[in-house]
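Worksheet: the structure to be examined is printed underneath.
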Amino acid sequence: MTLVDRQAPVSAQSMRALTLVADRKIELLDVAAPPPPASGEVQIGIKAIGLNHIDVWGWRGMAFAKRKLPLVVGAEAAGEIRAVGSGVTGFAVGDPVVAYGGLTCGMCKACREGRDNLCENIGGIMGFHVDGFARDLVNMPARLVVPVPPAIAFRDAACAPVAFATVQHMLFDNAKLEPGETILVQAGGSGIGTAAIKMAKAIGCTVITTVGDDEKAAKAKALGADHVINYRTERFEGIVRKLTGKKGVDVAFEHVGPDTFNGSLLCLKRGGRLVTCGSTSGQSTTINLFQLYLQQYRIFGSFGASIRNIRESLAKMASGLLPVIDTEVPLADFERGLARLESRQVFGKIIVTF
Ligand SMILES: [Zn+2]
């Protein structure tokens, strides 16, 4: 395997690409570099990749995912512009950028209305269905590329397209979290959990969060969480009722799934909102329909984000609301990063650097 220099010029014949070749088998391959960007495209030199649970799902293999291996991994990234195709304005070589990893059509009603994650003709999610960002160079339609404000590090910006934007979309587009409300953030030590705690605190909410060990509890407190519950040693439902004077919380932020979903519903006040973007503990659960309508709960399924949410996330970073980084690993240690994420030993995001 020959590795090209990390500052490889645009005309390089080959480049590195971290490629899923079989379930749980990722190899750093030497592949052909992309051609110069076509009309309407830019070429991005990738600098940092953010790992998310979707990478773990992809790595393990998912029966329902329509995709073909080998597949370049990496669902969110930050980098810099290396070349600009004809007809593209607003980007110059050297500009720091992130990209939207859903290959939307840009034409359908949802796309025209800025609801990119509801595109009716989506061509796949990069790093999951189609080749992702874990390669030296990638050509992208300029309409999917978002400039990064000055002074934001690549490792931080790399958390904007999926982790931060997902949380932004969940909390503010879906659950419509308001200043002064109380929110329960499940798994507050995760990449999105840490982002949710910080975003909710930033607008003056009371934050109750759950974590799996006492060390994470201290870290969640340090992030600003008002109350931290170790779900392994305490029943969070009872504690949340007690903390809220038996009223319940306004919003529950879910992504754990069957292990916590019904408990999260029980924590809601009447008319409360539950928003979920994940199900790491399994796919199915049962819910009490009497409770659902009598308590007038509102449940939001949330997946991904809009390009606007990425801009909003970067604006938050520019104002000082930065992601919590658990670990930075070099490209060759991508699988070690995934294993760490899978083991739930993380507090914050894992970043893979180029
Ligand atoms: Zn569309």
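To the nearest Å, what is the center-to-center distance of the stretch 184-238 and the stretch 268-313, using C-alpha atoms only? If we compute the Cα centre of each part, the gap is 18 Å. Approximating the spin labels as points 7 Å out from Cα along Cα→Cβ, the Ser14-to-Lys246 distance works out to 7.1 nm. Taken about its Cα centre, the stretch 280-354 carries a charge dipole of about 300 debye when Lys and Arg each add +1 at the Cβ and Asp and Glu each add -1 at the Cβ. Under the criterion of Cα pairs below 8 Å and six or more residues apart, the relative contact order for the stretch 100-171 equals 26 percent.
Scoring 266-277, 245-256, 287-298, 190-201 by mean Cβ neighbours within 10 Å over their residues and listing the highest first yields 190-201, 245-256, 266-277, 287-298. Rounded to the nearest 10 degrees, the angle from helix 214-223 to the longest Cα principal axis of the chain is 80 degrees. When nucleic acids and ligands are ignored and a 1.4 Å probe is applied, Ser343 ends up with an accessible area of around 60 Å². Just tell me which lysines come within less than 16 Å, Cα to Cα, of Lys246; anything on the same chain fewer than 8 places away is out. Within the straight-line cut-off, Lys246 pairs with Lys269. Across the chain, the relative contact order, built from alpha-carbon pairs under 8 Å that are at least six residues apart, equals 18 percent. Remark on Lys47: its backbone amide H falls under 5 Å from those of Ala78, Gly79, Glu80, a criterion applied only to residues 5 or more positions apart or on other chains, H modelled at 1.01 Å from N. Ordering Gln43, Ala339, Tyr297 by the projection of their Cα atoms onto the charge dipole of the chain, which places +1 on the Cβ of Lys and Arg and -1 on the Cβ of Asp and Glu, puts Tyr297 at the extreme positive end.
The stretch 128-158 and the stretch 15-61 have Cα centres lying 11 Å from one another. Computed from label points 7 Å out along Cα-Cβ, the spacing between Ala218 and Asp333 is 2.3 nm. Each Lys and Arg adds +1 at its Cβ and each Asp and Glu adds -1 at its Cβ; summed about the Cα centre, the chain shows a dipole of about 860 debye.
Based on DSSP H runs of at least 4 residues, each adding -39500 (n - 2.57), what is the mean residue ellipticity at 222 nm of the chain after dividing by all its residues, to the nearest 500 deg cm²/dmol? Present the calculation step by step, with values, prior to reporting the outcome.
On the way: 11 runs with 84 residues, N = 354.
Taken over the chain, the calculation gives -6000 deg cm²/dmol.
Put +1 on the Cβ of each Lys and Arg and -1 on the Cβ of each Asp and Glu in the stretch 65-200; which of Val72, Thr194, Val93 then has its Cα farthest toward the positive end of the dipole? Most positive-ward Cα: Val72. Label sites at Ala202 and Leu289, each approximated as a point 7 angstrom past Cα along Cα to Cβ, lie 4.1 nm apart.
Mind checking the angle between helix 191-202 and the chain's longest principal axis? C-alpha axes, 0 to 90 degrees, to the nearest 10. For 191-202 against the chain, the angle is about 60 degrees.
The values are calculated or read from the model by the stated rules, or taken from the named source; none is laboratory data. In this text the structure is predicted, and so the values were computed from the model without any measurement. Methodologically, a virtual Cβ is constructed for each residue, glycine included, from the backbone with ideal geometry; neighbour enumeration extends over all protein chains shown. Side chains included, ligands, DNA and RNA excluded: accessible areas come from the protein's heavy atoms. Shrake-Rupley method; radii C 1.70, N 1.55, O 1.52, S 1.80 Å.
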